[in-house]
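The values are calculated or read from the model by the stated rules, or taken from the named source; none is laboratory data. Please read all numbers here as calculations on a predicted model, not as lab measurements. Cβ placement follows ideal geometry from the backbone for every residue including glycine, while neighbour counts extend to all protein chains displayed. Side chains included, ligands, DNA and RNA excluded: accessible areas come from the protein's heavy atoms. Shrake-Rupley method; radii C 1.70, N 1.55, O 1.52, S 1.80 Å.
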Amino acid sequence: MSNLASRLDQFIDQCILCIGDLMLDRYVYGQVERISPEAPIPVLHVQRETATLGGAGNVVRNIAALGGKVDVIGVIGADKAGEDLAKEFRALTDVTAHLFCDPLRATTQKTRFIAGGQQLLRTDREKAMPIELDVEQKIIEQLPSAIKKAQAVILSDYVKGVLTPKIISETLRLAKKEKKIVVVDPKGRNFGRYKGASILTPNRKELTEATGLPVTNVVEAEAAARTLINDFDIGSVLVKLGAEGVCLVRKDQPALHLQTKAREVFDVSGAGDTVIATLALSLVSGFDMAEAAELANLAGSIVVGKVGTASVTRDEIEHELMHGEALLAENKIVGFSSIADIAERWRKLGLKVGFTNGCFDLLHPGHISLLRQARAACDKLVVGLNSDASVKRLKGETRPVQNEAARSAVLASLIDVDNVVIFGEDTPLELIKVVRPDVLVKGADYTVDKVVGAKEVHSWGGKVVLAQLIEGQSTTKTIAKLKK
């Protein structure tokens with residue numbers, strides 16, 4: 001496990017070409033407090049809306065999050081959703097998007113309405129039919145240079161019409177010529193159109209539909225996968241079995257069944273995208289097929305613990321490899337990038353995120369009281385902790401008494417604290433912008449207009465809480481007493 005973890009940096013700058021059906025995933029979050037008088041349905045009081053890349057776009061997002069570079073080829077409509085989707089791609093680093101506009105089709109959108117962490121309704125806007133011939137030709141003309149540049153190709157097929165038989169066959173032909181692997185997330189009943197692909201990654205249902213064989217257990221999954229390998233000259237099949245993990249079936253080799261780790265599942269949306277992204281990136285980064293399948297299975301098990309279409313980072317995979325069943329969110333001391341993801345996941349579950357900060361040198365009853373009041377004002381509490389260098393600038397050369405490792409460990413041991421993030425600036429403003437708390441807590445020795453981050457928190461609908469202080473309690477006074 002630690003051997004795999006030490007090699008994850010090999011993901012960095014590996015280039016993958018992703019071709020497929022792009023979607024825009026919209027999320028509408030709110031609260032349900034009553035039933036409509038017009039019909040027996042809940043009334044959703046909308047609080048916020050977000051949009052993110054879905055379909056093949058989520059594959060791209062996962063590769064980028066893992067440190068890879070991506071060229072993506074796809075189709076959008078001449079509409080607002082297409083513009084939003086293009087904007088999402090521009091926000092990603094190391095992603096080159098070749099987006100072809102088909103004015104006769106709408107950009108595929110999936111909108112999910114969520115309250116209290118539960119999905120109430122999903123609406124789809126799409127035109128699932130083959131793309132126009134002139135758009136198809138433009139994509140085919142883009143393939144030679146794109147395939148030559150990439151280390152591997154992913155075909156992300158959601159059967160919306162982008163991956164036409166001609167585009168698939170030309171991709172497979174050019175990839176074979178350039179000796180590049182092609183990994184396919186397949187859909188539909190006719191897997192013959194993927195003939196000659198390096199790897200297929202069907203789930204249980206897809207494998208059953210394609211072969212007509214039952215897939216109720218690992219043995220049946222292997223048998224069905226070998227049918228695909230023999231009938232369509234497929235190199236390997238990685239069968240996604242949900243809670244049972246994955247089954248890797250290779251030509252002329254024994255099957256390998258990798259169990260998934262037991263954990264609470266929040267959302268399986270996009271888990272297959274995470275699996276295929278991690279698998280392809282692992283293979284071009286020097287991992288063998290069994291190792292790549294292990295990493296892909298692990299990444300998939302991490303992402304189902306998140307809400308909505310989401311991605312996985314190298315840090316999260318490394319943490320799982322190094323610490324077994326401990327989840328990154330359960331490791332309370334985290335960095336900026338991790339806390340952004342954790343806080344967003346909490347909000348998607350309908351939880352109120354709180355934030356407070358300080359040096360917390362020599363923890364005393366005043367600190368405990370502040371943290372307890374902060375925790376009472378929210379569902380999850382993030383504590384920003386000044387780094388050693390920051391404390392020294394603020395308090396003087398003799399401080400802190402305890403270094404940041406000790407101070408963060410003590411804070412993390414408290415039941416009222418959900419996460420600790422160390423920041424090196426003199427103020428926590430940048431961290432507050434990352435966490436985007438619903439509640440910002442500071443001691444009552446401040447006024448709201450003097451609280452760092454108050455303006456920003458108010459701008460996104462949050463509030464500032466001033467906690468009551470215990471008189472006579474401070475680290476400075478404690479140190480003074482010790483010197484007497």
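Taking amide H positions as modeled 1.01 Å from N, with prolines and chain starts lacking one, the residues under 5 Å from LEU120 and 5 or more places away or on another chain are PHE113, ILE114, ALA115. Computed from backbone phi, the HN-Hα couplings of the stretch 82-98 come to x, 5, 5, 5, 4, 5, 4, 5, 5, 6, 8, 7, 6, 10, 10, 9, 9 Hz, rounded to whole numbers (Karplus: 6.51 cos²θ - 1.76 cosθ + 1.60, θ = phi - 60°; Gly and Pro given as x). Given the C-alpha centroids of the stretch 46-69 and the stretch 129-208, what is the distance between them in whole angstrom? With the stretch 46-69 and the stretch 129-208 each reduced to a Cα centre, they are spaced 21 Å. Take GLN10, project a point 7 Å from its Cα along the Cβ direction, then tell me which residues of the stretch 280-309 have their backbone nitrogen under 20 Å from it. Counting only backbone N, you get 280-300.
Charge dipole of the stretch 354-484 (Cα centre as origin; +1 on each Lys and Arg Cβ, -1 on each Asp and Glu Cβ, all else neutral): 380 debye, rounded to the nearest 20.
Accessible area per residue (1.4 Å probe, heavy atoms of protein chains only) ranks HIS257, HIS458, HIS364 as HIS458, HIS257, HIS364, with the largest value leading. Extension gain for VAL46 to HIS364 (0.36 nm times residue separation, less C-alpha to C-alpha distance): 110.3 nm. Counting only protein heavy atoms, what percent of the accessible surface of the chain is carbon or sulfur at a 1.4 Å probe? Carbon and sulfur atoms account for 52 percent of the accessible area of the chain. Using 0.36 nm per residue and subtracting the Cα-Cα separation, the extra length available between TRP460 and ASP426 on full extension is 9.9 nm. Quick check on the stretch 85-231: take the gyration tensor over C-alpha atoms, sort the square-rooted eigenvalues as a ≥ b ≥ c, and tell me if it's rounded (a/c under 1.5), prolate or oblate. Oblate shape, in that a/c is at least 1.5 and b/c is the bigger or equal ratio. Placing a label point 7 Å from the Cα of LYS127 along the Cα-to-Cβ direction, the residues of the stretch 44-83 whose backbone N falls under 17 Å of that point are 74-83. Each Cα pair under 8 Å and six or more residues apart adds its separation to the average, and for the chain the resulting relative contact order is 12 percent. In the context of the full set of protein chains, the chain has a per residue accessible area of 44 Å² (1.4 Å probe).
Sum -39500 (n - 2.57) across every DSSP H segment of at least 4 residues in the chain, then divide by the residue count to get the 222 nm mean residue ellipticity, nearest 500.
It lands at -11500 deg cm²/dmol.
Available extension along the chain between THR398 and ILE35 is 124.6 nm, counting 0.36 nm per residue and deducting the alpha carbon span.
Converting phi to 3J(HN,Hα) with the Karplus coefficients 6.51, -1.76 and 1.60 and the offset θ = phi - 60°, the stretch 212-219 yields x, 9, x, 9, 9, 8, 5, 4 Hz in sequence order, with x at every glycine or proline.
Seen against the Cα atoms of the chain and their longest principal axis, helix 133-149 is set at about 70 degrees. Summing +1 for each Lys or Arg and -1 for each Asp or Glu among the other residues whose beta-carbon sits under 14 angstrom from that of GLN14 gives +1.
With a 1.4 Å probe and all protein chains kept in place, how do TYR446, TYR194, TYR158 rank by accessible area, largest first?
TYR446, TYR158, TYR194
Taking amide H as placed 1.01 Å from N in the peptide plane, VAL465 has its amide H under 5 Å from the amide H of LEU440, VAL441, LYS442, each at least 5 places away in sequence or on another chain. Got a sec? Charge dipole of the chain, +1 on Cβ for Lys and Arg, -1 for Asp and Glu; which of LEU281, GLY77, LEU371 is way out at the positive end? So the residue furthest toward the plus end is LEU371. Here the Karplus relation 6.51 cos²θ - 1.76 cosθ + 1.60, evaluated at θ = phi - 60°, turns the backbone of the stretch 109-121 into coupling constants of 10, 10, 10, 10, 9, 10, 9, x, x, 10, 7, 8, 6 Hz, with x for every Gly and Pro.
Mind giving me the FRET efficiency for ILE470 and SER169? R0 is 56 Å, r the Cβ-Cβ distance, nearest 0.05 is fine. Efficiency at R0 = 56 Å is approximately 0.15.
In this structure, the amide hydrogen of VAL75, modeled 1.01 Å from its nitrogen in the peptide plane, lies closer than 5 angstrom to those of LEU22, PHE100, counting only residues at least 5 positions away or on a different chain.
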